[in-house]
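Worksheet: the structure to be examined is printed underneath.
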Amino acid sequence: MASIFLSRDGNISVFKVGVGFAIVGGLLIVGGFILAAIEQNSFRSPLDVAVPPETTVLATDELSPASRRVFYESLLEPEDVYRYYDQLLAEHEGVDINDPNRERCVRSPSRGEFESYKPGDGSVPFEYRCLFQQTSLLGIDRATMITIQPGVRNDATGQNFEGTTRIDYEQYWEP
């Protein structure tokens, strides 16, 4: 193999070595462009986050060519759904779930219920929000905001979702 870089008189040929480096450099540059294009293309779709077991899709609302909302319903308790997504968020961030400085799902209000909450009027007592996001090497963003709410009833409309958990995905990505 080394004989490729030798001249006719048996010495190392600077020209042949230079051509070899140019070929390797060219392949690295072309490979870099291909990898960047593949990564950029993958960010032109929603950031998919797995839903908990026993969860069903209720509706999908396409907001624009680069955003949508997906509504789910689960029979799990809101706290169980929160723990599921909090674990996924730690895995997504690549950190230990016990790390006190990591991103977490946030409960609003942090304790108790919203002041505006009145049982039977369709308002929710509390909710959890979890933000999953990615940024590519070229600065392209995509995100999924997950809102977890206990199912409530609305006496005015006759709807009753008590005993279920509502999960709302708001997804944004580059067009």
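Ellipticity at 222 nm from helices only: DSSP H runs of n ≥ 4 in the chain, each -39500 (n - 2.57), divided by the residue count, give -9000 deg cm²/dmol.
Is any residue of region 51-93 close enough, with backbone N under 20 Å, to a label point placed 7 angstrom from the Cα of residue 111 along the Cα-Cβ axis, and if so, which? Answer for this model: 79. Couplings 3J(HN,Hα) of region 50-60, computed from phi: 4, 8, x, x, 6, 10, 10, 7, 9, 6, 10 Hz, in residue order, whole Hz [Karplus 6.51 cos²θ - 1.76 cosθ + 1.60, θ = phi - 60°; x for Gly and Pro]. Only protein heavy atoms count here; under a 1.4 Å probe, residue 152 has an accessible surface of about 30 Å². Evaluating 6.51 cos²θ - 1.76 cosθ + 1.60 at θ = phi - 60° for every residue in region 101-118, the Karplus couplings come out as 9, 7, 5, 9, 6, 10, 8, 10, x, 4, 9, x, 10, 4, 4, 7, 6, 9 Hz, glycine and proline recorded as x. Pick from 140, 12, 23: which residue has the top mean-square fluctuation in a GNM of the chain where Cα pairs under 10 Å get a spring? Of 140, 12, 23, the most mobile in the Gaussian network model is 12.
The heavy atoms of residue 88 offer some 40 square angstrom of accessible surface to a 1.4 angstrom probe.
Between 0 and 90 degrees, the angle of helix 78-93 with respect to the longest Cα principal axis of the chain falls at about 10 degrees.
Phi angles across region 134-145 convert, under the Karplus curve 6.51 cos²θ - 1.76 cosθ + 1.60 with θ = phi - 60°, into 3J(HN,Hα) values of 9, 10, 6, 4, 8, x, 8, 10, 8, 8, 10, 9 Hz, Gly and Pro given as x.
Distances between placed amide hydrogens fall under 5 Å for residue 142 paired with 134, all partners being 5 or more residues away or on another chain.
Modelled this way, with points 7 Å down the Cα-to-C-beta line, the labels at residue 102 and residue 21 are 4.5 nm from one another.
The values are calculated or read from the model by the stated rules, or taken from the named source; none is laboratory data. It should be emphasised that the depicted structure is a prediction, and the values quoted were computed from it without experimental measurement. Cβ sites come from the backbone with ideal geometry, for glycine too, and all protein chains shown count toward neighbours. Each accessible area value is taken on the protein alone, full model and side chains, heavy atoms only, with ligands, DNA and RNA left out. Shrake-Rupley method; radii C 1.70, N 1.55, O 1.52, S 1.80 Å.
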